[in-house]
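Report on the following structure.
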Amino acid sequence: LADRLKGSIQKIRGKGKVNEADVKEMMREVRLALLEADVNFKVVKTFVKRVSERAVGQEVMQSLTPGQQVIKVVKEELTELMGGEQSQIAVAKKPPTVIMMVGLQGAGKTTTAGKLASLLRKKHNRKPLLVAADIYRPAAIKQLETIGMQLNLPVFSMGDQVSPVEIAKEGIAKAKEEHHDYVLIDTAGRLHVDEALMDELKQIKELSSPDEIFLVVDAMTGQDAVNVAQNFDEAIGVTGVVLTKLDGDTRGGAALSIRAVTEKPIKFVGMGEKMDALEAFHPERMASRILGMGDMLSLIEKAQTNVDEEKAKEMEKKLRTASFTLDDFLEQLGQVKQMGPLDELIKMIPGANKMKGIDNIKVDDKQLEHVEAIIKSMTMKEKEQPEIINASRRKRIARGSGRTIQEVNRLLKQFEEMKKMMKQMTNSQQKGKNRGGGF
Ligand code: GDP
Ligand code: MG
């Protein structure tokens, strides 16, 4: 039975190797999905080529269709392209570890600085100090102080009349003094990348030699984010990227492009305005998001684990029609005992005479007793899952019931035929709405 089930599942699903037509069709969709997700055109092109090359000729997994198989490759490659999970933060040999937050205005630097400090304290038991080095944006210092108050974290500030370079320097000195092990420098942004900003950031970098320079990027800016990332990286060199505002409905193609273009790891993602809305970056989740195929992908995931077994069980259940077990079989036999020979009874069922295999079911009254003996020699599990009855079990059952192995075999075969018939019957009854019959 198990083998037959496997066969039918294979028929429904996988069909040999992935061919070029399958891939071509799928890749059209994938290309669109990626472009729609705002992935850089060049990145899409290279990506599609790479996936196509890999996918064509692949064996289709038993539990997948060729289309799903291609998507699986797509997802793997996307995940790969975005790098592994890299939410670790550098640790300075000599504390404090200095982290510089850079990015355009409104990207989420100040918010993320707060989130990160909170995360460092909560998850890593650190003692961070926030440094307010954005003296340009109105109320930027106040904003960080408010966040600090909210989180009960210290904020170092010197007002807006001191240069950011000076503030950073003093902030680090203060951290050493007060034994803070992390310093997060919130820097200024501009609406666009400009030289004055980059110069200032370079100076802060030189003076504070940060262990990490996190580029904060608004995921909703899509394509622009790529240029921004490239500019920042070229000018000051970033060590990691934080992608914010992923709680919006953006598909997050920026993540892929940024990673592909700068080759810098995406470390965290911002998932909301609240201070706990910072998560480690999961490339796999992002891949699903970019493809916008959550359902399809989770389906594939399931298939990759144990869907074969589960599907088989499900199919089997259906085959059993109303979970028909050998125990039920025995019960039926008991009920029909007084009515006459079982094979005759079966033939009275509407449509049963037209069924294949009907002649294999020949049970006379004497045989009924034997059948009963055999079934009663089975364990509960065997009665429910006759397919587990292997040679040695058959031998044991035969011995226990005082029957021959051949008789045990015959009974199991009959039972199987019966189930098959019952299935056909339920089908035809449902289709033709036949009256009567059945067990
Ligand atoms: P900065 O100019 O780079 O310092 O940006 P801010 O930290 O001031 O953030 C700008 C706006 O974006 C604020 O209103 C934040 O609340 C909001 N923001 C930051 N990160 C996220 C995020 O992950 N999700 C959402 N929805 N809003 C965010
Ligand atoms: Mg700010």
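The values are calculated or read from the model by the stated rules, or taken from the named source; none is laboratory data. Here the structure is a predicted model, which means the values were calculated and not measured. Note: ideal-geometry Cβ built from the backbone for every residue, glycine included; neighbour counts use all protein chains shown. Note: accessible area is taken over every heavy atom of the protein model, side chains too, but ligands, DNA and RNA are not part of it. Shrake-Rupley method; radii C 1.70, N 1.55, O 1.52, S 1.80 Å.
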- Tell me which of these Glu145 doesn't satisfy, since it passes every other one: (1) acidic (Asp, Glu); (2) under 25 Å from Lys267 (Cβ atoms); (3) within 16 Å of ligand 2 (Cβ to nearest atom). (2)
- Restricting the first residue to the stretch 115-139 and requiring it to be open to solvent by 30 Å² or more (accessible area, probe 1.4 Å), which pairs with a second residue that is within 16 Å of ligand 2 (Cβ to nearest atom) and basic (Lys, Arg) meet a Cβ separation below 9 Å and a spacing of at least six or different chains? Tyr136/Arg190
- Criterion (more than 16 Å from ligand 2 (Cβ to nearest atom), touching a residue at least 12 places away in the same chain (Cβ under 8 Å), closer than 22 Å to Glu145 by Cα and not hydroxyl-bearing (Ser, Thr, Tyr)) met by exactly one of Val241, Val183: Val183
- Task: Examine the stretch 246-264 for a residue that is touching a Ser or Thr at 6+ places or on another chain (Cβ under 7 Å), buried (at least 19 other Cβ atoms within 10 Å of the Cβ) and β-branched (Val, Ile, Thr), and state whether such a residue exists.
- Result: no
- Message: Could you tell me how many of the residues in the stretch 226-243 are under 18 Å from Gly83 (Cα atoms) and either open to solvent by 10 Å² or more (accessible area, probe 1.4 Å) or hydrophobic (A, V, I, L, M, F, W, C) (or both)?
- Response: 9
- Quick one: which helices (runs of 4 or more DSSP H) lie wholly within the stretch 31-148 and hold at least 3 residues that are within 14 Å of Tyr182 (Cβ to Cβ) and not small (Gly, Ala, Ser)? 109-124
- Task: Output the number of residues of the stretch 191-220 satisfying the condition of being touching a residue at least 40 places away in the same chain (Cβ under 8 Å), open to solvent by less than 60 Å² (accessible area, probe 1.4 Å) and not charged (D, E, K, R).
- Result: 11
- Residues that are within 16 Å of ligand 2 (Cβ to nearest atom) and under 19 Å from Pro154 (Cα atoms), drawn from the stretch 87-114: Ile99, Met100, Met101, Lys109, Thr110, Thr111, Thr112, Ala113, Gly114
- Pair list, Cβ < 6 Å and 6+ apart or interchain, from the stretch 66-84 residues that are at negative phi to residues that are modelled with pLDDT of 80 or more and of a type in the set (Asp, Glu): Thr79/Glu284
- Message: I'd like the full set of residues that are touching a residue at least 24 places away in the same chain (Cβ under 8 Å) and more than 9 Å from ligand 1 (Cβ to nearest atom), limited to the stretch 89-101.
- Response: Ile89, Ala90, Val91, Ala92, Pro95, Pro96, Thr97, Val98, Ile99, Met100
- Item | Residue check, Leu78 open to solvent by less than 90 Å² (accessible area, probe 1.4 Å), within 18 Å of the chain's Cα centre (by Cα) and under 25 Å from Val242 (Cβ atoms) | yes
- Task: Might you let me know whether the stretch 150-169 holds any residue that is surrounded by 15 or more Cβ atoms within 10 Å (Cβ to Cβ) and either within 13 Å of ligand 1 (Cβ to nearest atom) or basic (Lys, Arg) (or both)?
- Result: yes
